[in-house]
Amino acid sequence: MSENDWRLKLHPEIPKGSKPVLVVVLDGWGEAPDGPYNAISQANTPCMDSLKHGAPGRWMLLKAHGTAVGLPSDADMGNSEVGHNAMGSGQVIDQGANLVDHALKDGSIFSGEGWKYTEPAFAEHTLHFIGLVSDGGVHSRYDQLIGCIRGACKRGAKRIRVHVLTDGRDVEDGTSQLYVTQLHRDLQALSAEGCDARIASGGGRMRVTMDRYESDWNIVKRGWEAHVLGEAPHKFTDPVDAIKQLRAPPGPGKMPISDQWLDPFVIVDGTGQPAGTIQDDDAVVIFNFRADRVVEISKAFEYKDFTAFDRKRWPKTRFVGMMQYDGELKLPAHYLVPPPFISRTTGEYLAHNGVRTYACSESQKIGHVTFFWNGNRSGYFNAELEKYEEIPSDTGIAFNQKPAMKAREICEAGKAALRSLKYDQVRLNFPNPDMVGHTGDLQATIEACTVVDQCVKELLDVVDEVGGRFLVTADHGNAEEMVQLNKKTGKVVMDSEGKPIPLTSHTLNPVPVAIGGPGLPASVHFRQDLTEPGLSSVGPTIINLLDFEAPPHMAPSLFPAHGMELPTGV
Ligand SMILES: O=C(O)[C@H](O)COP(=O)(O)O
Ligand SMILES: [Mn+2]
Ligand SMILES: [Mn+2]
């Protein structure tokens, strides 16, 4: 595209503001009826309440799950990757889960370059699978794993080893035993047919392998030691037994250890030999389709010069990802399914139009407002116009221990960026409702939502002070539904002791979006004619708030289309 093709037209109805636009993503802040297990309605949230009730026509709900964000079906909850992709690109893109489904269905996964790259290992070496074993559909799916394993056996793989990362975050806590039992059985059945397939190592996703954005490399180191070197503090001969024992409550009256936080373990034979370390010439498949939590382990396998931790041994493997996780870094070089092609995003357009952007979050979510926002692309579009700032997250703790996380620091950084008048767009992500929501701890999540509301208030005060505009929204639900609800009756699901079962995952709920600020003419309201608008409408709306008309390939803006009458006093 030539520079001219990137040129955005000035919006005819929204007057040129040339004042900063604040964009806030409240990670995991969904909308659900008030109730005792809705951490948002239980929290003290005067600011978000005033956006909802105080400015009619400037607050609405957006669909943040399922087909509205490119997932296979409306039974799929939203997540950060697809949510930020949709908002930042202004488009609905067929996402990884969908693309892998198609590739398995039509068999193209087995004829692609990535698969062929693994095949020379099949006859005499081991084929390893590493990834998240659950049906969450956020990072991976069990049926896709088993589809690949069966496909490998059919195509001559003689020895398969699976390194399991247990979930309890995208699915109910406690289900890891079910998934591992299922996998163990499925692998036994394949072994009986002559394909020697076994579980070799594993651990909980928050302790082993699946770190993100380099928040804590120790997590990846533990995984490397267990999967590659066969070293872990716990050794078991039976994988189901491993899960049972690692989940055992640490003392009388204590809760079981969550699936997310299980220690690393290695499966050994009767003589203590690991069931499957990773050796030269083995093939290794990471079966997660989502990028953020497998970029680091991919680097450990792929990069010759690697200093994040001492690998002790670096086997020369045939390494492939389910997808290419970072198009910019070409990481990994080999992959089974081409990733979603996300182009012509808001970030790229705005950079071509001279818009200066500041984006900030803490480590846990910094890639969400940069990498995912920009269509899974690392780095700047234009380093002179953009600044991405990361506040280091705490490491080694579950965030219910510190529900405020780094919200205050993100808030201060955002306020300073607005006041500096050096940026046209100040984009922030507050991780709290999501990260604390994932722990299933209701009280801590209420606290998290209260803190975040205070931060939004302070930021909006600064928008007032500088005469700017704002858009506040969220990427998917989480904190608004903290216990499991019966899908048919909507009633709270109780455990055998009559206690509500916590919900640690995201939800299917819509999310709010609100606009305002003194820089926005009083006549500007959301249009009312869109049926079920989704998160992809956020991108073009931000482009409008920055004075431009959005390009036509994007979803409809939430503002009335050009020439349409602006609703007044809705
Ligand atoms: O990776 C995670 O933490 C969860 O699987 C999904 O959470 P996120 O989509 O909000 O990051
Ligand atoms: Mn999120
Ligand atoms: Mn989440």
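If you wrap a convex hull around the alpha carbons of the range 97-337, what volume per residue comes out, as a whole number of Å³? Please report the intermediate quantities before stating the final value.
Numbers: hull volume 28.7 nm³, N = 241.
So the per-residue hull volume is 119 Å³.
Which percent, to the nearest 5, of DSSP beta bridges fully inside the chain are antiparallel?
Details: 16 of 67 bridges.
Antiparallel bridges: around 25 percent, rounded to the nearest 5.
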What FRET efficiency, computed as 1/(1 + (r/R0)^6) with R0 = 22 Å and r the Cβ-Cβ distance, is obtained for Thr67 and Leu530, rounded to the nearest 0.05? 0.90
Stokes-Einstein D for the chain at 25 °C, 0.890 mPa s, Kirkwood Rh over Cα pairs, in µm²/s? 101
For the range 178-244, the convex hull over Cα atoms projects on average to an area in nm² of 5.2
Counting only GluC sites (Glu not before Pro) that sit in a DSSP loop (anything but H, G, I, E, B) with at most 14 other Cβ atoms within 10 Å, what is the longest stretch of the chain containing none of them? 194-327
Among Ser536, Ser176, His163, whose Cα lies farthest out toward the positive end of the dipole of the chain, if unit charges sit on the beta carbon of Lys, Arg (+1) and Asp, Glu (-1)? His163
Cα-centre dipole for the chain with unit charges at Cβ (Lys and Arg positive, Asp and Glu negative), debye to 20: 560
Please list the radius of gyration and Dmax for the range 73-203, considering alpha-carbon atoms only, with Å as the unit. 16.0, 50
Signed unit charges on C-beta, dipole axis of the chain, positive-most listed residue Ala359, Gly327, Pro433: Gly327
In vacuum, with every alpha carbon of the range 387-482 counted as one equal point scatterer, what does the Debye formula give for log10 I(q)/I(0) at q = 0.11, 0.12, 0.15, 0.17 Å⁻¹? Two decimals, please. -0.34, -0.40, -0.61, -0.76
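Give me Asp135, Asp143, Asp76 sorted ascending by neighbouring Cβ count inside 10 Å, so fewest comes first.
Asp143, Asp135, Asp76
Sum up the charges of everything whose Cβ sits under 14 Å from the Cβ of Gln324, counting Lys and Arg as +1 and Asp and Glu as -1, but leave Gln324 out. Provide the component values of the computation, followed by the final result.
Details: positive: Arg290, Lys299, Lys330, Arg377; negative: Glu113, Asp292, Glu302, Asp326, Glu328.
Summing Lys and Arg as +1 and Asp and Glu as -1 gives -1.
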As a percent rounded to 5, the proportion of antiparallel DSSP bridges among beta bridges in the range 97-337 is 10
So for Thr507, Thr237, fewest C-beta neighbours within 10 Å to most, what's the order? Thr237, Thr507
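Mind checking which helices in the chain clear 30 Å along their axis (Cα) and have mean Kyte-Doolittle hydropathy of -0.5 or more, DSSP H runs only?
Details: long enough: 442-466 (36 Å, 0.66).
Once both thresholds are applied, what remains is 442-466.
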Compute the relative contact order of the range 48-125 as a whole-number percentage, counting only Cα pairs closer than 8 Å that sit 6 or more residues apart in sequence. 18
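Note down the relative contact order for the chain as a percent, whole number, built from C-alpha pairs under 8 angstrom at least six residues apart. Can you show the working numbers first?
Values: 1356 pairs, mean separation 154.8, N = 570.
Once normalised by length, the contact order is 27 percent.
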For Trp314 and Asp464 in one chain, what is 0.36 nm times their gap in residues minus the Cα-Cα distance, to one decimal in nm? 48.5 nm
Run the simple label-point estimate for Asn4 and Asp196 please: 7 Å along Cα→C-beta, distance reported in nm. 6.6
Euclidean distance between Cα centres, the range 100-131 to the range 165-224, Å: 19
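If you average the sequence gap of Cα pairs under 8 Å that are 6 or more apart and divide by the length of the range 97-337, what percent do you get for the contact order? Mind dumping the intermediate values first?
Details: 524 pairs, mean separation 57.0, N = 241.
Taking the mean separation of contacting Cα pairs over the length of the range 97-337, I get 24 percent.
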The computed P(r) of the range 278-329 puts the percent of Cα pairs beyond 16 Å at 40
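Computed from the coordinates by the stated procedures, all read-outs in this text should not be read as laboratory data. Bear in mind that the values here come from a model prediction, so they are computed numbers and not experimental data. Here the Cβ is made from the backbone with ideal geometry for all residues, glycine too, and neighbour counts use every protein chain on show.
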